[in-house]
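The values are calculated or read from the model by the stated rules, or taken from the named source; none is laboratory data. Being a predicted model, the structure only gives us computed values, none of them experimental. Note: ideal-geometry Cβ built from the backbone for every residue, glycine included; neighbour counts use all protein chains shown. Note: areas computed on protein heavy atoms with side chains; ligands, DNA, RNA excluded. Shrake-Rupley method; radii C 1.70, N 1.55, O 1.52, S 1.80 Å.
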Amino acid sequence: MIPISAVSIGTDEEQLVLQVLRSGRLAQGPVVERLEQEFRVWSGTHHVVAVTNGTVALVAALEALRLPAGSEVVTSPFTFVATLNAILEAGLVARFGDIDPRDFTLTAESVDAVAGGRTSAILPVHLYGHPADMSRLEPLARTRGWAIVEDAAQAHGARVADRPVGSSGVGCFSLYATKNLAAGEGGLISTDDLDLADRLRLLRNQGMRARYRYELAGHNYRMTELQAAVVLPQLARLEAATKRRAENARRLTEGLSGIPGVELPTVAPGRTHVWHQYTIRITSESGRSRGEVAEFLTRSGVGHGVYYPRPVYDYPCYREHPRVVIGDHPAAERASREVLSIPVHPLLSDADLDAVVRAVRGAFDAG
Ligand SMILES: Cc1ncc(COP(=O)(O)O)c(C=O)c1O
């Protein structure tokens, strides 16, 4: 089976993990600090704070902003559930805009339409590695005085014009096992705001400035040295790996164009996609259901995934939640019925890519 994602771990990671194990220092220490420094340079933001995972990165970001009690955060209805759970965990109210059907990310118009007097922040998601339209979302937020938290869990290195994602307000990256940078679990928070970075560091470490000197009620969101050691060497290879993803995406698009009723992913002008996922849409005009195509791919040995089968609010636990405000989100509803992701990761060989193209085409050719 050609997997939908694959982790690339080499001897550099092995050596650094071994070095950490032998150092006797396992909890947050110098390797975490090095990761923060190197990601800071790599991502082009002034401060980076490493945390346990991408979900708590979002929670900590929202908490560090000190939004007024009862504030609403406007986010995308088409995202992984962590985005919504983080808003709720931070004690805030979630409200949803809608997505651009071409790139699956939150639109400024939809935010403008649903935002109200209690809106204090927006939380765009750079889904699949394609950045949201920060060139419109950022000015809108600035005009209205809203904070910006970017969910960049899937988008390490993505850019809008020459601005890296995670530099508009607070950026939250995941290092989960399937992400473009993979520690197993882990998260990184980026910001240009020194005070916010300071508060994030306090929140991460039980609110403690120096030993037993507590300045605020905090958490244990610390990253371990082992997590940092697994991911640090990957950072040096990330640019090359991202180029490979883009080249794979180009090959897939070349091989899959022209199938009636199948829409291929596009990149919005001025934005740089990092191809965490290559996601096609199977519309009703294709004559095949998504389930049929997925089954054909499984039989052909090609891994695939549906990210995500429903808009994030469309479960009883959220429909009945007093702090989840649901409206009309037709583009997200439609995307959740049509999307199917196929392998694009950098470990695919030329033969794998040919096999993926053949299998997808085959799903529509077969009787
Ligand atoms: C869009 C999105 N947001 C948030 C997260 C949460 O990250 P983590 O799994 O590291 O907690 C993920 C990944 O899992 C994600 O894909």
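Whenever a residue of segment 306-332 is more than 9 Å from Phe96 (Cβ to Cβ), its partners that are within 16 Å of the ligand (Cβ to nearest atom) and open to solvent by 50 Å² or more (accessible area, probe 1.4 Å), lying with C-beta atoms within less than 9 angstrom and at least six residues away or across chains, give the pairs Tyr307/Phe80; Tyr308/Phe80. The residue that is farthest from the ligand (Cβ to nearest atom), counting only those in segment 147-162 that are over 17 Å from Tyr307 (Cβ atoms) and free of Cβ contacts under 8 Å to residues at least 60 places away in the same chain, is Asp162.
Evaluation of Val49 against the conditions (1) of a type outside the set (Gly, Ala, Ser); (2) open to solvent by less than 40 Å² (accessible area, probe 1.4 Å); (3) away from the ligand (no atom under 16 Å from the Cβ); (4) more than 16 Å from the chain's Cα centre (by Cα) shows that the sole unmet condition is (3).
Report yes if some residue within segment 215-222 is open to solvent by less than 10 Å² (accessible area, probe 1.4 Å), closer than 23 Å to Val81 by Cβ and within 16 Å of the ligand (Cβ to nearest atom); otherwise report no. No, every residue in segment 215-222 fails to be open to solvent by less than 10 Å² (accessible area, probe 1.4 Å), closer than 23 Å to Val81 by Cβ and within 16 Å of the ligand (Cβ to nearest atom).
What do you reckon, is Ala177 open to solvent by 20 Å² or more (accessible area, probe 1.4 Å) and within 12 Å of the ligand (Cβ to nearest atom)? Walk me through how you get there before you give the answer.
Details: open to solvent by 20 Å² or more (accessible area, probe 1.4 Å): yes; within 12 Å of the ligand (Cβ to nearest atom): yes.
Taking the combined requirement at face value, the residue satisfies it.
Would you check if there is a residue in segment 229-242 being part of a loop (DSSP other than H, G, I, E, B) and either touching a residue at least 60 places away in the same chain (Cβ under 8 Å) or of a type in the set (S, T, N, Q) (or both)? No, because not a single residue in segment 229-242 is part of a loop (DSSP other than H, G, I, E, B) and either touching a residue at least 60 places away in the same chain (Cβ under 8 Å) or of a type in the set (S, T, N, Q) (or both). Scanning segment 91-98 finds no residues that are open to solvent by less than 20 Å² (accessible area, probe 1.4 Å) and within 11 Å of the ligand (Cβ to nearest atom).
Of all residues in segment 351-367, those satisfying the criterion of being closer than 24 Å to Gly10 by Cβ and touching a residue at least 60 places away in the same chain (Cβ under 8 Å) are Asp352, Leu353.
Restrict the check to segment 65-81 and report whether at least one residue is surrounded by fewer than 24 Cβ atoms within 10 Å (Cβ to Cβ) and within 12 Å of the ligand (Cβ to nearest atom). The answer is yes, given that some residue of segment 65-81 is surrounded by fewer than 24 Cβ atoms within 10 Å (Cβ to Cβ) and within 12 Å of the ligand (Cβ to nearest atom).
Of the listed requirements (1) part of a loop (DSSP other than H, G, I, E, B); (2) within 24 Å of the chain's Cα centre (by Cα), Ala335 misses just one: (1).
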